[in-house]
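Here the structure comes first, spelled out in structure tokens, and everything after it is commentary.
The values are calculated or read from the model by the stated rules, or taken from the named source; none is laboratory data. In this text, all values refer to a predicted model and were calculated from it rather than measured experimentally. As a convention, Cβ positions derive from the backbone with ideal geometry for all residues, glycine included, and neighbour counts pool all protein chains shown. Surface areas here come from the heavy atoms of the whole protein model, side chains and all, with no ligands, DNA or RNA. Shrake-Rupley method; radii C 1.70, N 1.55, O 1.52, S 1.80 Å.
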There are 2 protein chains.
Amino acid sequence: MIRISILYPNRDGSRFDFPYYVETHMPMSIGLLGAHPGYRGVSVERGLGGAEPGSRPAYVAMCHFLFDSLEDFLAAFMPNAPALQGDMPNYTDIEPVIQFNEVLISG
Amino acid sequence: MIRISILYPNRDGSRFDFPYYVETHMPMSIGLLGAHPGYRGVSVERGLGGAEPGSRPAYVAMCHFLFDSLEDFLAAFMPNAPALQGDMPNYTDIEPVIQFNEVLISG
């Protein structure tokens, strides 16, 4: 299985609209990507803090999509990329760190 | 729910022993932390690449623990911190980015 991680760095002065992200953007993303048979799930998280007590989290938000394969993710994502990426300015001005991962342990 | 993310930055010349991590360190971690009733699961991943074709992933590996609450995680982790942190040099010389997250969407 493949996990696609979208990490939003926690930068001073940046903007991240959690209500829009959780109530509008993510339901749209799940609706579009979740229609693919290779879709296996999603996790969306808000950064609370770092390992040192009182420290800020490295990422203000994280989103992880789970798919059977990278090919499945790309097949699901590419036709919807304009809609999904075009919606990003509605909730953030942060350039996310995106990476593809092979799932080694899941449970 | 709370997710604890342990992200290992992909630095030139750094060392990460996946066989040891997956076959020895993670089973020990899951054995020690999974004994707590607030434990809800774990995901371990190997970074394959970034969003740009052919680019390297920002993180060589990621580990995410799921717990009912931060208090549950700390109660599970603190007594085992010496054993778990003491085992790290056996698989890597990378200082991980660690952060606590509130799970907003899971499915």
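For this structure, a couple of remarks:
Conditions tested, residue by residue: (1) open to solvent by 20 Å² or more (accessible area, probe 1.4 Å); (2) in a helix (DSSP H, G or I).
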{"residue": "A:Pro57", "(1), (2)": "no, no"}
{"residue": "A:Ala61", "(1), (2)": "no, no"}
{"residue": "A:Glu71", "(1), (2)": "yes, yes"}
{"residue": "A:Leu74", "(1), (2)": "yes, yes"}
{"residue": "A:Ala81", "(1), (2)": "no, yes"}
{"residue": "A:Gly86", "(1), (2)": "yes, yes"}
{"residue": "A:Ile94", "(1), (2)": "no, no"}
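- Among the residues of region B:11-31, not a single one is under 25 Å from A:Arg56 (Cα atoms) and β-branched (Val, Ile, Thr).
- There is no residue in region A:65-81 that is touching a Cys at 6+ places or on another chain (Cβ under 8 Å) and not aliphatic (A, V, I, L, M).
- Which listed residue is surrounded by fewer than 19 Cβ atoms within 10 Å (Cβ to Cβ), at pLDDT 95 or above and facing chain B (nearest Cβ under 9 Å), from A:Phe18, A:Phe100: A:Phe18
- Selection within region B:96-107 - over 18 Å from B:Arg15 (Cα atoms) and in a loop (DSSP other than H, G, I, E, B): B:Gly107
- Of residues in region A:1-15 being at pLDDT 95 or above and among the basic types (Lys, Arg), the one surrounded by the fewest Cβ atoms within 10 Å (Cβ to Cβ): A:Arg15
- Candidates A:Ile105, A:Ile94, A:Ile4 - the one that is among the β-branched types (Val, Ile, Thr) and free of Cβ contacts under 8 Å to residues at least 60 places away in the same chain: A:Ile105
- Here B:Glu52, B:Glu23, B:Glu45 are screened, and the one residue that is without any contact (Cβ under 8 Å) to a residue 12 or more places away in the chain and either outside any loop (DSSP other than H, G, I, E, B) or within 14 Å of the chain's Cα centre (by Cα) (or both) is B:Glu23.
- Region A:47-63, residues that are modelled with pLDDT under 95 and more than 7 Å from every other protein chain (Cβ to nearest Cβ): A:Glu52, A:Pro53, A:Gly54
- Selection count, region A:28-38, where residues are open to solvent by less than 40 Å² (accessible area, probe 1.4 Å) and within 11 Å of chain B (Cβ to nearest Cβ): 2
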